[in-house]
Amino acid sequence: MTAAVLASHTSKQLSLQPLHKVPLPAGRPRVWYESHNRRLKAMRLAIALLDTGVYRPEQAPDRTIRTVAALIGVHPPSETTCRMVRALIYDGR
């Protein structure tokens with residue numbers, strides 16, 4: 001059954017479009033928006049690091065994270081954001 005499902009999906013033309021962005025809620029304190037954007041940036045960087053083969057926090061010093069940020073077109077992250085990135089790729093062993 002899996003082969004049939006895969007065959008039917010590959011034969012159809014899929015149109016991938018970016019998601020529609022929804023504005024952030026108004027009226028929150030500025031600190032909330034800053035932390036929200038910091039979390040989004042840390043998540044983008046963690047995903048990019050995982051794509052490049054960095055799977056453990058020890059493999060991701062600030063220098064490596066900032067290099068990946070430059071590669072994906074993100075402003076250089078602060079030390080706090082780098083810590084968040086390492087926390088996101090922490091494997092819990």
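Filtering the stretch 33-43 to residues that are surrounded by 15 or more Cβ atoms within 10 Å (Cβ to Cβ) and under 8 Å from the mean Cα position of the chain (by Cα) leaves Lys41, Ala42. Checking Val54, Val22 one by one, the residue that is open to solvent by 90 Å² or more (accessible area, probe 1.4 Å) and either among the polar types (S, T, N, Q) or out of contact with any Phe, Trp or Tyr (no Cβ under 6 Å at 6 or more places or on another chain) (or both) is Val22 and no other. Of the helices (runs of 4 or more DSSP H) lying entirely inside the chain, the ones with 2 or more residues being modelled with pLDDT of 95 or more and touching a helix residue (DSSP H, G or I) at 6+ places or on another chain (Cβ under 9 Å) are found at 30-51, 62-72, 79-88.
The values are calculated or read from the model by the stated rules, or taken from the named source; none is laboratory data. Everything quoted here is computed from the prediction, not taken from an experiment. Cβ sites come from the backbone with ideal geometry, for glycine too, and all protein chains shown count toward neighbours. To get the accessible areas, we keep the full protein, side chains included, count just its heavy atoms, and leave off ligands, DNA and RNA. Shrake-Rupley method; radii C 1.70, N 1.55, O 1.52, S 1.80 Å.
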